[in-house]
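> Questions regarding the structure given below will be posed in turn.
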Amino acid sequence: MIKRFTSPIGRQWLTVVAVVMAIAVNGLSNVYPPAGKNIGEVSNRVLGGVLITPAGYAFAIWGLIYLGLIVYSVYQALPRQRHNIAVAKTSWALIGACCLQIAWVYAFLILNFWLSVGLMFGILACLIAAYLCTRSVAPDSSLSSARRSSRPKRPTGQVRWLLQAPISVYLGWITVAAVVNVAGAALFSRQGATTMAVSTSALSTQDVVWTVVMMGVSGAIAAIVALQFGDASFPAVAVWALCAIAVRQAAVTPIAFMGIGLAVGLCVVIVRVLLPPSKRT
């Protein structure tokens, strides 16, 4: 039985099942939350004082993430990907991330935030592994060996959009979510279950400073990943999140300015990544 599931075909089916289950559990948790509040309600009511939480519209990115995972699950299930080592390793890591995400949903909804933080970092670790696997795919084999050796290794369009981009977008958002999750758990530990959205007059300088620092770290990580791997998807997710944080905290000038400033800087990085190597300076 175990060999059946760990076989190439078994792995392909497990990947599809894991993705479908992760999507289904997330959807059902919003309709039938175990503790009476769905994820949005917990974020806005119980953790309303977390300054680094993006505006509500930002969470619509989950639609794009799940679409990407569906696309990837179909791509990896194709017969020609059955014995692709990079795809196989990516799929096992993604299966782990999906299983941990299912557990995270339950932990978060029952307000066990530090457990949810541990699970979130487990998801992050799985996705980092998956991300690195997607970057190990060989360049276009249709090029001659001479041309391949004289050019930077660039994946085919199929690999870039069906394999790399879905994992990149997912990892980008989970990186942001991990920071928000830690901030939420810390706030809940300090203030308890009555934590609500706070007015700007009640904000402490320390809270604002820490939020700005965390935003800066998130932006730096996005820039490093973009430049190191030539990846525009990861920083694009960070731009989306930072703009949403700035919108939500528009009345808190340091946070709003930091969000917009980092977003503009990352847009410059994205443009540089997208430029052909010959035009980069």
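> Need pairs with beta-carbon distance below 6 Å; first residue of a type in the set (Gly, Ala, Ser) and within the stretch 186-210, second at pLDDT 80 or above and surrounded by 10 or more Cβ atoms within 10 Å (Cβ to Cβ); sequence gap 6+ or separate chains.
These pairs meet every condition: Ala197/Gly48.
> Tell me whether the stretch 204-217 contains one or more residues that are of a type in the set (S, T, N, Q), surrounded by 11 or more Cβ atoms within 10 Å (Cβ to Cβ), modelled with pLDDT under 90 and not in a helix (DSSP H, G or I).
The answer is no; no qualifying residue exists.
> Here is a follow-up. Which one of the conditions (1) outside any helix (DSSP H, G or I); (2) farther than 21 Å from Tyr106 by Cα; (3) under 17 Å from the mean Cα position of the chain (by Cα); (4) not basic (Lys, Arg) does Gly49 fail to meet, given that it meets all the rest?
Every condition holds for Gly49 apart from (3).
> Here's a follow-up. Is at least one residue of the stretch 60-67 within 27 Å of Leu242 (Cβ to Cβ) and not hydrophobic (A, V, I, L, M, F, W, C)?
Yes, the stretch 60-67 contains at least one residue that is within 27 Å of Leu242 (Cβ to Cβ) and not hydrophobic (A, V, I, L, M, F, W, C).
> Among the numbered criteria (1) crowded, with 20+ Cβ neighbours inside 10 Å; (2) assigned to a helix (DSSP H, G or I), which single criterion is violated by Val247?
(1)
> Kindly indicate whether Ala103 is without any contact (Cβ under 8 Å) to a residue 40 or more places away in the chain, out of contact with any Cys (no Cβ under 9 Å at 6 or more places or on another chain), in a helix (DSSP H, G or I) and farther than 28 Å from Gln191 by Cβ.
No; evaluated as a whole, the condition is false for this residue.
> What is the one condition in (1) touching a Ser or Thr at 6+ places or on another chain (Cβ under 7 Å); (2) at pLDDT 95 or above; (3) surrounded by 19 or more Cβ atoms within 10 Å (Cβ to Cβ) that Ile221 does not satisfy?
Result: Ile221 passes all but (3).
> Would you point out the residue of the stretch 106-129, among those that are assigned to a loop (DSSP other than H, G, I, E, B) and of a type in the set (A, V, I, L, M, F, W, C), that is nearest to Val19 (Cα to Cα)?
Ile110
> Return the total of residues in the stretch 226-244 being of a type in the set (Val, Ile, Thr) and surrounded by fewer than 23 Cβ atoms within 10 Å (Cβ to Cβ).
So the answer is 1.
> So in the stretch 53-82, with the set limited to residues that are touching a helix residue (DSSP H, G or I) at 6+ places or on another chain (Cβ under 6 Å) and farther than 29 Å from Asn38 by Cα, which one is surrounded by the fewest Cβ atoms within 10 Å (Cβ to Cβ)?
Filtering first and then ranking leaves Arg82.
> Let me ask something else about it. From the set of residues in the stretch 250-281 that are farther than 27 Å from Leu127 by Cβ and of a type in the set (D, E, K, R), which is surrounded by the fewest Cβ atoms within 10 Å (Cβ to Cβ)?
Lys279
> Kindly evaluate Asn30 against the criterion of being free of Cβ contacts under 8 Å to residues at least 24 places away in the same chain, closer than 18 Å to Val105 by Cβ, among the polar types (S, T, N, Q) and assigned to a helix (DSSP H, G or I).
yes
> Turning to a different aspect of this structure: Among the residues of the stretch 45-65, is there at least one that is more than 23 Å from Ala178 (Cα to Cα) and either in contact with a strand residue (DSSP E or B) (Cβ under 9 Å, 6 or more places away or on another chain) or in contact (Cβ under 8 Å) with a residue 60 or more places away in the chain (or both)?
No, the stretch 45-65 has no match at all.
> If a residue has to be at pLDDT below 95 and within 15 Å of Ala103 (Cα to Cα) to count, how many in the stretch 23-32 make the cut?
1
> Looking at the stretch 122-144, which of its residues are of a type in the set (A, V, I, L, M, F, W, C) and either surrounded by fewer than 16 Cβ atoms within 10 Å (Cβ to Cβ) or modelled with pLDDT of 95 or more (or both)?
Selection gives Ile123, Leu124, Ala125, Cys126, Leu127, Ile128, Ala129, Ala130, Leu132, Cys133, Ala138, Leu143.
The values are calculated or read from the model by the stated rules, or taken from the named source; none is laboratory data. Computed from a predicted model, the values in this text were never measured in an experiment. All Cβ positions, glycine included, derive from the backbone under ideal geometry; neighbour counts span all protein chains shown.
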